[in-house]
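J.: There's a structure below that I have some questions on.
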Amino acid sequence: MGERLKTVVLVFLVITSIILTGQLLFRLPALETAVPPAYEQLVFGELRPVTEHLKPALHFNTGNELRMLQPWDKGYDTAWEVLNKLLLLNGVPEAFQPLEEENNQFLKDRDAAQVKLHFSVSSPVSLWNSSFRLHELIVDSLYWNKAEPGLVWLRDGERWLRSELHALPQDFLENISIVFSEAPKHIVTEAKDWEPLRVLPGKMLILPDAPLLLAPRRIKKEELNTDKLLRSIFVDTALVRRIEERDGAFIYTDGQKGLRFYDHGELEYTSPKSEPGFEEMELASVMRRSAQYLQLLGGWPEHIYLDDVIAAEKSVWNRQQRDTYYVTFVSVQEGMPLIGARAPITLHFSDRGVVYYNRQINLLGEETASPATMINPRLITHEVMNKSEQEGFKASLIDIYAGYYLKESIVSQAVAHPVWAMVFDDGRTAVINGFTGKFLVWIE
Amino acid sequence: MDLSRAKTVLIIAFLLLNLFLAFRLWLIPPHLQAGVVLTGEEAEQAKNVLVSAGYEVLTAIPRQIPRLSLLHVSRHPQEPESWPASVWCDANAKRGVDTENVSFINGEETLQIAPNGVVTLHFGKPDRVSTGHELHIFIESFLKERGLWSESLKFDMAMQDGSHTRYRYLQTYQGFPLFFSYTDVKVVDGRISEIRLYHVLPLEFTGKEIQTVSVAEAADAFVKAAQFSEVKKIIDISLGYYSQDYDAKRWEIVPVWRFALTDGTVFYINAFTGGAEL
């Protein structure tokens with residue numbers, strides 16, 4: 001019996017040793033046995049065409065009243081459909097320099113133009129007009145008057161240009177009247193309305209004709225699919241390490257790229273190896289890339305509009321930023337821009353990829369009080385003047401608009417209050433409580 | 001020999017064999033389960049990449065290409081207030097005036113604990129003298145004396161900087177150096193004038209093992225990353241773990257190939273991606 005048991009144990013041990021030896025010699029490591037990772041192209045929403053984000057503000061002046069449509073206003077798309085025919089230039093525009101004694105009259109005529117298109121970022125006409133001869137034409141404003149229906153005046157940085165137009169439809173003017181019939185009315189103010197503040201000479205300050213009725217609103221942070229974003233940025237997430245910072249932020253990095261999610265909803269992406277750029281880019285390419293990057297990095301929500309495009313300064317001693325571009329965006333919700341020290345989206349990139357990306361989108365929620373009439377901004381000039389003098393600023397006013405103010409750091413359930421923003425030519429903006437007229441803060 | 005005794009001997013022998021195999025399979029740390037190694041020829045090719053880029057290689061080319069995981073680490077748990085007791089055996093040391101750091105004073109010595117976890121011990125009067133080959137033994141015994149030594153520390157390199165030399169000891173975990181976790185001993189004229197240390201607490205490897213890149217692949221990335229380096233002498237190429245400085249509670253660190261040059265400059269090449277750590 002004992003011998004039988006020994007035999008059984010011995011056989012068991014021999015078999016076990018064969019299995020263990022086999023495992024040790026031929027065991028396949030986890031990676032090879034794993035299913036190969038399925039790399040998928042992850043995107044957020046549709047890719048926006050360039051022409052969709054380079055849209056101008058539209059002004060229609062009948063002489064008695066001025067109506068304006070911004071890209072976020074109701075009826076804008078129909079109006080733009082009619083007015084973009086003014087970009088169908090016939091031939092190459094020629095530069096025009098009015099005589100000095102005629103200059104004032106010339107500018108008055110332009111200001112009195114019936115139709116004005118104003119691009120917040122100077123835009124290439126070639127986006128709407130395929131003529132190769134207009135390839136290099138970039139304009140910030142366009143003026144048209146029914147007295148000269150076949151002509152259009154363009155502003156190319158500092159120069160005036162005049163161009164002939166392809167024949168406009170016969171009912172062009174009638175169509176304009178129709179599409180602007182529901183557009184908000186505005187008034188052009190005079191410099192003396194803003195005293196004691198100085199207004200930059202030649203600058204028209206436009207205000208809504210009717211008092212604005214706004215209510216404070218709750219704000220909440222945008223909720224992004226962080227897992228999808230991670231997989232969109234890092235092809236193989238197994239190579240990515242996670243760092244839990246003491247302030248509650250999380251960093252994901254593969255050593256070359258870093259993605260940081262802050263506790264308060266902000267996200268930041270950096271990839272230093274994408275700078276310097278190898279090639280200069282035209283605005284259309286910059287915008288195309290912006291749209292592509294946003295599609296990969298969280299999407300381009302409807303309420304986000306292009307604010308500015310700046311090419312990094314080229315300097316001999318700073319090669320690093322060469323051929324890189326900064327693109328900033330503004331969020332407009334409930335018809336009002338959200339005003340804050342930092343843009344909802346900032347994108348810095350080169351032809352080699354994104355260098356830096358910051359996203360901190362806030363969403364306006366329900367009203368926290370009944371709507372009330374906002375104070376007339378012309379009544380708050382003394383408050384702003386006093387603040388400017390206290391702090392030794394001597395700049396001129398260049399713009400004024402209403403919006404919702406976002407503080408630097410928001411906590412959940414925070415409230416955005418209606419404000420007036422007064423923009424000065426030194427780059428500062430005074431933010432004033434829209435109901436009390438009390439000065440709140442300077443934004444640089 | 002009778003059959004019964006033979007069976008008994010065989011049973012014992014196979015039992016021992018099985019125990020050894022089981023230990024090898026399940027208990028040996030994963031990093032020792034080296035996947036493949038570079039052949040002599042491949043190692044020579046890797047060296048040629050460096051030599052043709054103008055580098056003089058003063059160290060051996062490592063041949064291992066192991067499968068590794070990320071490593072979880074956390075901040076060293078020692079509270080700032082407990083440092084005087086471990087360094088001076090004096091829990092009631094005088095608190096220094098320092099707005100940024102927690103600091104303590106004991107005679108001519110000052111202890112600073114920075115918010116990022118770096119601990120610095122300054123000696124107003126540089127400590128005892130030692131010279132030559134005994135210096136390492138002297139430093140080690142000095143660190144032991146001050147409660148700053150741990151068996152996981154291994155000497156890494158000496159960096160000459162002007163009039164002083166900095167001796168760097170690296171924290172290791174399961175045989176791997178943690179290149180960012182160090183004890184630096186500053187020696188001026190054979191006297192210790194400062195000790196600076198930053199240590200982390202290694203917790204565990206993440207579950208998923210990944211095949212690392214060989215030093216041959218890392219050499220290519222190093223040559224690109226170090227293209228503007230003027231120093232062309234490589235004194236060390238080794239595999240370890242690295243992390244940048246984070247104000248974090250817990251984080252993951254990655255295996256890297258480290259290329260060290262004679263002037264103390266180091267380049268880290270991610271051993272998973274083969275890209276330079278930026």
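All of the numbers you see were taken from the coordinates with simple rules; none came from a lab. Everything numeric in this text was worked out from a predicted model, so none of it was measured. Don't worry about glycine lacking a Cβ; one is built from the backbone with ideal geometry, like all the others, and counts go over all protein chains shown.
J.: Checking a compactness column here: for segment B:199-278, what do you get for Rg(Cα) / (2.2 N^0.38 Å), N being the number of residues?
T.: So the Cα radius of gyration is 1.16 times the expected 2.2 N^0.38 Å.
J.: Cα centroid distance between segment A:240-300 and segment A:155-177, in Å?
T.: Taking the Cα centre of segment A:155-177 as reference, the centre of segment A:240-300 is 41 Å away.
J.: Output the direction-averaged projected area (hull surface divided by four) of the convex hull of the alpha-carbon atoms of segment B:77-198, in nm².
T.: Convex hull of Cα atoms, orientation-averaged projection: 7.9 nm².
J.: What net charge is computed for the residues neighbouring B:Asn270, neighbours being all others with C-beta under 9 Å from the C-beta of B:Asn270, Lys and Arg scored +1, Asp and Glu -1?
T.: Result for the local shell: -2.
J.: Considering segment B:122-278, what Rg and Dmax in Å follow from its alpha-carbon atoms?
T.: Here Rg and the maximum Cα pair distance are 16.9, 50 Å.
J.: Exceeding 22 Å between C-alpha atoms, which entries from my cross-link table qualify? They are A:Lys273/B:Lys249; A:Lys146/A:Lys185; A:Lys257/B:Lys224; A:Lys387/A:Lys438; B:Lys47/B:Lys224.
T.: Going by Cα-Cα distance, A:Lys273/B:Lys249 fall outside the 22 Å limit.
J.: Any idea what the relative contact order of chain A is, in percent, if you count C-alpha pairs under 8 Å spaced at least 6 apart?
T.: Computed over chain A, the figure is 15 percent.
J.: Which helices pass in chain B if a helix is a full DSSP H run, must span at least 20 angstrom along its long axis by Cα, and must have mean Kyte-Doolittle hydropathy not below -1.0?
T.: B:3-22
J.: Here is a follow-up. Loop only by DSSP, 15 or fewer other Cβ within 10 Å of the Cβ. Give me the GluC sites (Glu not before Pro) in segment A:212-256 that pass, ordered by residue number.
T.: The qualifying sites are A:Glu223.
J.: Count the net charge of all other residues whose Cβ sits under 13 Å from the Cβ of A:Leu239, scoring Lys and Arg as +1 and Asp and Glu as -1.
T.: Local net charge: 0.
J.: Note the angle between two axes, namely the Cα long axis of helix A:2-26 and the longest principal axis of the Cα atoms of chain A, as a number of degrees from 0 to 90, rounded to the nearest 10.
T.: Approximately 30 degrees, to the nearest 10.
J.: With the contact rule set at Cα under 8 Å and sequence spacing of 6 or more, what percent relative contact order holds for chain B?
T.: Here the relative contact order equals 22 percent.
J.: Skipping prolines and chain starts, which residues have an amide H placed within reach, meaning under 5 Å, of the one on B:Asp156, given they are 5 or more residues away or on another chain?
T.: Placed amide hydrogens put B:Arg168, B:Tyr169, B:Leu170 under 5 Å from B:Asp156.
J.: How about segment A:108-213: which trypsin sites (Lys or Arg not before Pro) there are in a DSSP loop, with at most 14 other Cβ atoms within 10 Å of their Cβ?
T.: A:Lys146, A:Lys203
J.: If one computes the Cα centroid of segment B:34-84 and of segment A:385-409, what distance in Å separates the two points?
T.: Comparing the Cα centres of segment B:34-84 and segment A:385-409, I get a distance of 56 Å.
J.: Reachable lysines from B:Lys154, Cα under 20 Å, same-chain residues fewer than 8 places away excluded?
T.: Within the straight-line cut-off, B:Lys154 pairs with B:Lys144, B:Lys186.
J.: Quick one: B:Ser181, B:Ser238, B:Ser52, fewest Cβ neighbours within 10 Å first, how do they rank?
T.: In increasing order of surrounding Cβ atoms, one gets B:Ser52, B:Ser238, B:Ser181.
J.: So if the hydrodynamic radius of segment A:50-183 is defined as the Kirkwood radius over C-alpha pairs, what does Stokes-Einstein give as its diffusion coefficient at 37 °C and 0.692 mPa s, in µm² per second?
T.: 217 µm²/s
J.: Calculate the dipole size of the protein assembly as shown relative to its Cα centre from +1 charges on Lys and Arg beta carbons and -1 charges on Asp and Glu beta carbons; express the result in debye to the nearest 20.
T.: For this selection, approximately 2180 debye.
J.: Here's something else I'd like to know. Please name which of B:Val9, A:Ala284, B:Phe205 has its Cα lying farthest along the dipole of the protein assembly as shown towards the positive end, using unit charges on Cβ (Lys, Arg +1; Asp, Glu -1) and the Cα centre as origin.
T.: Positive-most Cα among the choices belongs to B:Val9.
J.: Once the principal axes of the Cα atoms of segment B:1-125 are found, what is the range along each, listed largest first in whole angstroms?
T.: 81, 56, 29
J.: Let me understand the protein assembly as shown better: what is its radius of gyration from the alpha carbons, and its Dmax, in angstrom?
T.: Rg and Dmax of the protein assembly as shown, Cα atoms, are 35.2, 129 Å.
J.: Based only on Cα atoms, what Rg/Rh ratio does segment A:223-360 have, Rh being taken as Kirkwood's radius?
T.: Value, to two decimals: 0.97.
J.: Separate question: Within segment B:108-209, list the GluC sites (Glu not before Pro) lying in a DSSP loop whose Cβ has at most 16 other Cβ atoms in a 10 Å radius.
T.: B:Glu108, B:Glu151
J.: Order by neighbour count: B:Val254, A:Val309, B:Val118, fewest other Cβ atoms within 10 Å first, most last.
T.: Fewest-to-most ranking of B:Val254, A:Val309, B:Val118: B:Val118, A:Val309, B:Val254.
J.: Let me confirm one metric for peptide A:235-243, namely the mean number of other chain beta-carbon atoms within 10 Å of its residues' beta-carbons.
T.: 6
J.: When only alpha-carbon atoms are used, what values of Rg and Dmax, in angstrom, describe chain B?
T.: When restricted to the Cα atoms of chain B, Rg and Dmax are 23.0, 84 Å.
J.: Give me the dipole magnitude in Debye, nearest 20, for segment B:77-198 about the Cα centre, with unit charges on the beta carbon: positive for Lys and Arg, negative for Asp and Glu.
T.: Using only the charged Cβ atoms, the result is roughly 120 debye.
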